[in-house]
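Visitor: Following this message is one structure expressed as structure tokens.
Just so it is clear, none of the values below were taken in a lab; they were calculated from the coordinates. Since we're looking at a predicted model, the values are computed, not measured. Neighbour counts are summed over all protein chains in view; Cβ atoms, including those assigned to glycine, are modelled from backbone coordinates with ideal geometry.
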Amino acid sequence: DEDGYDLWLRYRPLEQAAQARVQSQARSVVLPGAPSPTSQAALDELHKALTGMLGRAPAPSARISDGALLLATPARLQELGAAASPLRAELSALGNDGYLLRQTRIQNHNVTLIAANTDIGLLYGAYAWLRDANTGAKLEASSAPTLQLRLLNHWDNLDRTVERGYAGQSIWDWWALPDIKDQRYTDYARANASLGINGTVLNNVNSKPEVLTAPFIAKAAAVADVLRPYGIKVYLSARFSTPLELKETSTADPLSPEVRAWWQRKADEIYKSIPDFGGFLVKANSEGQPGPQDYHRTHADGANMLAAALAPHKGIVMWRAFVYAPKGTHLNDDRAKQAYDEFKPLDGQFAANVLVQVKNGAIDFQPREPFHPLFGAMQKTPLMMEFQITKEYLGFSTDMAYLGTLFEETLETDTKTAPQGRTVAQTLSGIAGVANIGSDRNWAGSHFDQANWYAYGRMAWNPQAKARDVAVEWAALTFGPRTVTPVVDMMMMSRETVVNYMTPLGLHHIMGTGHHHGPAPWVDNLERPDWNPVYYHRASRDGIGFDRTAKGSNALEQYAPEIARQFSDPKTTPPQFLLWFHHLPWNYAMPSGRTLWAELLAHYDQGLADAKSLRARWVALKPLIDPRRYSEEEQRLNRQVANATLWRDACVAYFQSVSGLPLPAGVQPPA
Ligand code: GCU
């Protein structure tokens, strides 16, 4: 249990007072009527959890008595004579997925009620009640998600390697499927359902034609069967040229009748095995992937063709806006502009069952990016947010970086677009997180990386959730109540620590070539200019930073006028984005009174100091953490200090070689 396999569903024995409280709410568990697979999953989870927390199994019961934990939908409530209660009205506002938890009286008994309109709502309610029971939080009144699509995206290949995966092999054992369904699939479903995640794309966006052949459809169907009771739909990444590469058509042109008919047949075939198949995720005309532009068609032509094939089955297309084509027009200009330039003119042209999926920032999952200008700009197209839970650019699964703060920062930003300003969260119809899940015993590569999966799921359910509150929950569920405050303090400082030692003040994309781990700001000889770190930091004797104002690439004009105006002046640009938008002289005066050069050095020093502080804080917790998890994290924090040291020394040495400026007094040049 200390190997991390149980994630945040550990259900350890509660302390005495908590036991009494939970016991009084769940003397028996009552689900009137015959259970469905989904409500059975809720019963099973409650049984497992209560047994763990209280040391004995709750009495299963068909009848209501005092202290019962009652799970019921409106129809059942009616049968129980609770029909006229105000609960009905409250429930109707909660939609398909919402639930309410209530201490109430039914049939003259005091009960704890978990009520929802559907069985999946009951399952979500059961997990919510368990969360409250475990953390001692007061019973949540009611909750319903604002986003209907809450997905994970696996970048998992069919050979079980995982693109940007740092937690072992893919959990999907394609070879053994469909006959062998690993217990992990069920535990994966439980963990995701506990957060409200309701969809998963099984395979990498850099997809293969094989995944849409009959044998793989059967394998995906077997996974779908396991996930279905937990309310999780299966989706697949589709390679645009699939029919052509399978030699079943002579082209992949989306307007060719032959191609359209092929996709229609393929959709029909998939739905025969997976009646609730979610749909396709597509990466097209990006990083060498095929797409409609190969045939001089637009993204809308491509997406709509697939959408037409899926529409009769109620499937959707999630078409990615992460485009940066090999022969893009922006090679020597600004890669950050390409997605907006390609997609904004297509706003209004996408079919109703197409969503455009946009990364949180316009470059690529950097430790910090300003929000993507497409949020707010695409007023007629439903958008999905794409966050990366796996930490490709934030130190893999060795460095600690809690991403809740990154998610919160992006979601709560005001896009300043009509009608009265909308936060990024308010521009969304769905959300996707690139999974950090693998077959490592602890699923995520490190214990603290489990928190990023958790935070993603909780914030997908409630995009207004606060990163700190989510961290408090996770820490309590994972490490127990006694270490919450110090653990949460570490989590809350961790991402800024990484920003400081990697890419402070708006620097970006200066990581090592290809693998993206460790510093390489000096690299300038890659085949494409926009792969080179020097393209992004633009440091020279005269200064540093990427000028995205009207004097430079003018990427700023892709934002709402109010933001463009504010960020066009370095004095009114938030310092954390300064070098993202401006090229400034080394002696530029910062608000702190320091020169830009001195400020940059101070940030690198701060990053290293904070990495050391994270380690020291963990060492201080040693008596309170079990030895296994203590040691596994301690080793990582040692690595993180080494990594931060390398980052600081390498970046300071490199930028100094370019600026020609002396190091400030007291700073030793690196050996
Ligand atoms: C990044 C990442 C790739 C990935 C791509 C994508 O560039 O490094 O591995 O394929 O994003 O999101 O499509």
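Visitor: Projecting each Cα onto the charge dipole of segment 149-478 (Lys/Arg +1, Asp/Glu -1 at the beta carbon, about the Cα centre), which of Gln183, Pro382, Gly438 comes out farthest on the positive side?
Guide: Of the listed residues, the answer is Pro382.
Visitor: Can you say what percent of the DSSP beta bridges in the chain, counting only those with both residues inside, are antiparallel? Round to 5.
Guide: 25
Visitor: Cα axis of helix 467-479 to longest principal axis of the chain: angle in degrees, 0 to 90, nearest 10?
Guide: Tilt relative to the chain: about 60 degrees.
Visitor: Output the Kirkwood hydrodynamic radius of segment 16-143, Cα pairs only, in Å rounded to one decimal.
Guide: 14.3
Visitor: Let me ask something additional. So what's segment 555-594 giving for Cα Rg divided by 2.2 N^0.38 Å, two decimals?
Guide: Output field value: 1.20.
Visitor: While we're on this one: What's the ranking of 350-362, 412-424, 551-563 by average number of surrounding C-beta atoms within 10 Å, highest first?
Guide: So the order, starting with the most tightly packed, is 350-362, 551-563, 412-424.
Visitor: For helix 447-461, what angle does its Cα long axis make with the longest principal axis of the chain, in degrees from 0 to 90 and rounded to 10?
Guide: 70
Visitor: Here is a further query. Can you tell me which of 373-379, 192-198, 498-504, 13-19 comes out highest on packing, and rank the rest after it, using the mean Cβ neighbours within 10 Å?
Guide: So the peptides 373-379, 192-198, 498-504, 13-19, ranked by packing, come out 498-504, 192-198, 373-379, 13-19.
Visitor: What is the Cα coordinate range of segment 583-652 on the first, second and third principal axes, sorted by size from largest, in whole angstrom?
Guide: Largest first, segment 583-652 extends 50, 22, 14 Å along its Cα principal axes.
Visitor: With charges set only on the Cβ (+1 for Lys and Arg, -1 for Asp and Glu), what does the dipole of segment 545-654 come to about its Cα centre, in debye to the nearest 20?
Guide: The dipole of segment 545-654 has a size of about 280 debye.
Visitor: Hey, if you put +1 on the Cβ of every Lys and Arg and -1 on every Asp and Glu Cβ in the chain, which of Gly518, Leu596, Pro373 ends up farthest toward the positive end of that dipole?
Guide: Pro373
Visitor: Give me the Kirkwood hydrodynamic radius of segment 168-256 in Å, from all C-alpha pairs, to one decimal place?
Guide: About 14.2 Å, per the Kirkwood formula over Cα pairs.
Visitor: Equivalent ellipsoid semi-axes for the chain, as square roots of 5 times the alpha carbon gyration tensor eigenvalues: give them largest first, rounded to whole Å.
Guide: Semi-axes (√(5λ), whole Å): 42, 33, 23.
Visitor: Could I ask something else about it? Wrap a convex hull around the Cα atoms of segment 133-220, take a quarter of its surface area, and give that in square nanometres.
Guide: With every direction weighted equally, the projected area is 8.0 nm².
Visitor: Relative contact order for the chain: what is it in percent, counting Cα pairs under 8 Å that are at least 6 residues apart?
Guide: 11
Visitor: Follow-up. Under unit Cβ charges (Lys, Arg +1; Asp, Glu -1), what dipole magnitude, rounded to 20 debye, does the chain have relative to its Cα centre?
Guide: In debye, rounded to 20, the chain gives about 1060.
Visitor: Still on this structure, I have one more. Can you compute the helix-only [θ] at 222 nm over the chain? Use -39500 (n - 2.57) per DSSP H run of at least 4 residues, normalise by all residues, nearest 500 deg cm²/dmol.
Guide: Using -39500 (n - 2.57) per qualifying helix, the result is -12000 deg cm²/dmol.
Visitor: When Rg is the radius of gyration of the Cα atoms in segment 149-478 and Rh is its Kirkwood radius, what does Rg/Rh come to?
Guide: 0.95
Visitor: With the Cα gyration tensor of segment 351-460 in hand, convert its eigenvalues to equivalent ellipsoid semi-axes via √(5λ) and list them largest first in whole Å.
Guide: 27, 14, 11
Visitor: Could you give the spread of the C-alpha atoms of segment 296-391 along their three principal axes, from largest to smallest, in whole angstroms?
Guide: 40, 32, 23
Visitor: Give the peptides 65-76, 653-664, 295-306 in descending order of average Cβ contacts within 10 Å, highest first.
Guide: 295-306, 65-76, 653-664
Visitor: Once the dipole of segment 598-665 is set up with Lys and Arg at +1 and Asp and Glu at -1 on Cβ about the Cα centre, which of Leu646, Pro664, Ser631 lies farthest towards its positive end?
Guide: Ser631
Visitor: Take the alpha-carbon centre of segment 509-578, take the same for segment 607-653, and report the distance between them in whole Å.
Guide: 29
Visitor: Now a separate question. Under unit Cβ charges (Lys, Arg +1; Asp, Glu -1), what dipole magnitude, rounded to 20 debye, does segment 16-143 have relative to its Cα centre?
Guide: For segment 16-143, the charge dipole is close to 360 debye.
Visitor: Taking segment 433-483, which chymotrypsin sites (Phe, Trp or Tyr not before Pro) meet the DSSP loop condition and have no more than 16 other C-beta atoms within 10 Å?
Guide: For chymotrypsin sites (Phe, Trp or Tyr not before Pro) across segment 433-483 that sit outside H, G, I, E and B with at most 16 neighbouring Cβ atoms in 10 Å, the list is empty.
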